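The values are calculated or read from the model by the stated rules, or taken from the named source; none is laboratory data. Not measured: the values here are computed from a predicted model. As a convention, Cβ positions derive from the backbone with ideal geometry for all residues, glycine included, and neighbour counts pool all protein chains shown.
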Amino acid sequence: MHLEQRLDFIDSLPSLPPIMMPRAFGGFSEDTPPHDVSKSTASVMPDTINAYLPGVSQQTIDDVNLCKLVMQRAATIKYPEEKQLFEWYKDYVDGLSNLGWTIQNKNIQEVTIRRTGLTMDQVALEVSRGLIGAAGASILANVGKQAVEAVQSSPRAIDIFNSGSKLGTQAKFDIAPVWVDGNGQANMILNCISLDARESSRGILFWKSTRQSTSIKTGAVRCYLDNNVFSGLRARLLSRYSEAGKKFIDDLPDF
């Protein structure tokens with residue numbers, strides 16, 4: 001796709017709503033210490049936790065967050081129903097590819113995990129394992145757990161994460177590990193996981209399986225952001241979405 005077509009695609013995307021959940025943003029203050037690139041960190045968005053491994057700069061964090069927020073919003077407008085999960089996910093991934101994300105491997109399926117006591121970060125790990133290998137899974141297991149705990153301990157982050165959720169129904173979430181490769185490009189395992197959240201009265205963020213088996217619908221994609229492509233799109237994305245996007249993204253303290 002030519003640059004002009006990608007810019008036209010950005011211009012065709014829907015705007016972010018001015019406010020999704022007012023109580024989530026009333027106490028916001030920008031006093032989080034600057035990100036230390038040598039440490040892991042995380043960001044939270046509606047239904048999404050992005051877990052950044054050491055080596056990821058603040059610029060990359062901002063780029064990943066904005067790409068995902070904008071394309072999630074666009075896909076949700078097209079496919080708002082729970083039963084449209086796979087259509088939603090395909091539109092989301094296709095949209096990211098228009099912003100410069102290159103898809104390497106993907107896996108979309110319905111599976112059953114036979115284990116009690118599972119938490120959402122452990123489910124994400126199981127879904128991602130085949131795309132990142134044993135070494136990557138070991139790193140993600142620790143960072144994913146820390147990211148979820150960081151969100152659970154922050155009232156603002158909880159509100160942002162839950163802002164698009166319906167308690168007691170089928171819940172959709174994404175816990176995405178992000179790292180930078182040797183070419184300085186952001187790599188990501190993009191998860192989309194849907195499961196029955198009725199086992200938790202506090203929603204999927206505090207869910208833990210109590211049944212012998214848990215059926216889930218999953219999509220997992222390994223991808224990277226082509227810096228050469230995205231450098232020509234960043235300014236247009238920022239001009240359209242950066243201010244509104246701040247309402248729906250919270251950068252958490254480093255781990």
**Request:** Would you check if there is a residue in the range 149-172 being over 21 Å from ARG129 (Cβ atoms) and modelled with pLDDT of 95 or more?
**Result:** no
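Among the residues of the range 40-62 satisfying the criterion of being of a type in the set (A, V, I, L, M, F, W, C) and in a strand (DSSP E or B), which is surrounded by the fewest Cβ atoms within 10 Å (Cβ to Cβ)?
By that ranking, first place goes to MET45.
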**Request:** Output the number of the condition that ASN65 fails; it satisfies all remaining conditions of (1) surrounded by 11 or more Cβ atoms within 10 Å (Cβ to Cβ); (2) at pLDDT below 95; (3) within 25 Å of PHE206 (Cα to Cα).
**Result:** (2)
**Request:** Taking only the range 218-237 into account, find how many residues are over 29 Å from GLN146 (Cβ atoms), in contact (Cβ under 8 Å) with a residue 12 or more places away in the chain and among the hydrophobic types (A, V, I, L, M, F, W, C).
**Result:** 2
**Prompt:** Mind checking which residues of the range 208-222 are crowded, with 22+ Cβ neighbours inside 10 Å and modelled with pLDDT of 80 or more?
**Reply:** ALA220, VAL221
**Asked** What do you reckon, is GLY232 more than 16 Å from the chain's Cα centre (by Cα) and over 28 Å from SER12 (Cα atoms)?
**Response** no
**Request:** Output yes when any residue across the range 234-250 is in contact with a Pro (Cβ under 7 Å, 6 or more places away or on another chain) and surrounded by 21 or more Cβ atoms within 10 Å (Cβ to Cβ), and no when none is.
**Result:** yes
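Every residue, every condition in (1) crowded, with 18+ Cβ neighbours inside 10 Å; (2) closer than 26 Å to LEU125 by Cβ; (3) touching a Pro at 6+ places or on another chain (Cβ under 8 Å), yes or no:
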residue: LYS78; (1), (2), (3): no, no, no
residue: GLU82; (1), (2), (3): no, yes, no
residue: GLY95; (1), (2), (3): yes, yes, no
residue: VAL111; (1), (2), (3): no, yes, no
**Request:** Select from the range 6-17 the residues that are touching a residue at least 12 places away in the same chain (Cβ under 8 Å) and either in a helix (DSSP H, G or I) or among the small types (Gly, Ala, Ser) (or both) and write down the one among them that is surrounded by the most Cβ atoms within 10 Å (Cβ to Cβ).
**Result:** ARG6
**Message:** Given the condition basic (Lys, Arg) and assigned to a loop (DSSP other than H, G, I, E, B), answer yes or no: does some residue in the range 102-125 qualify?
**Reply:** yes
**Request:** Scan the range 7-38 for residues that are more than 16 Å from GLU243 (Cα to Cα), modelled with pLDDT under 95 and charged (D, E, K, R) and jot them down.
**Result:** ARG23, ASP31
**Request:** From (1) of a type outside the set (S, T, N, Q); (2) modelled with pLDDT of 90 or more; (3) under 17 Å from the mean Cα position of the chain (by Cα); (4) surrounded by fewer than 20 Cβ atoms within 10 Å (Cβ to Cβ), pick out the condition that doesn't hold for ALA141.
**Result:** (2)
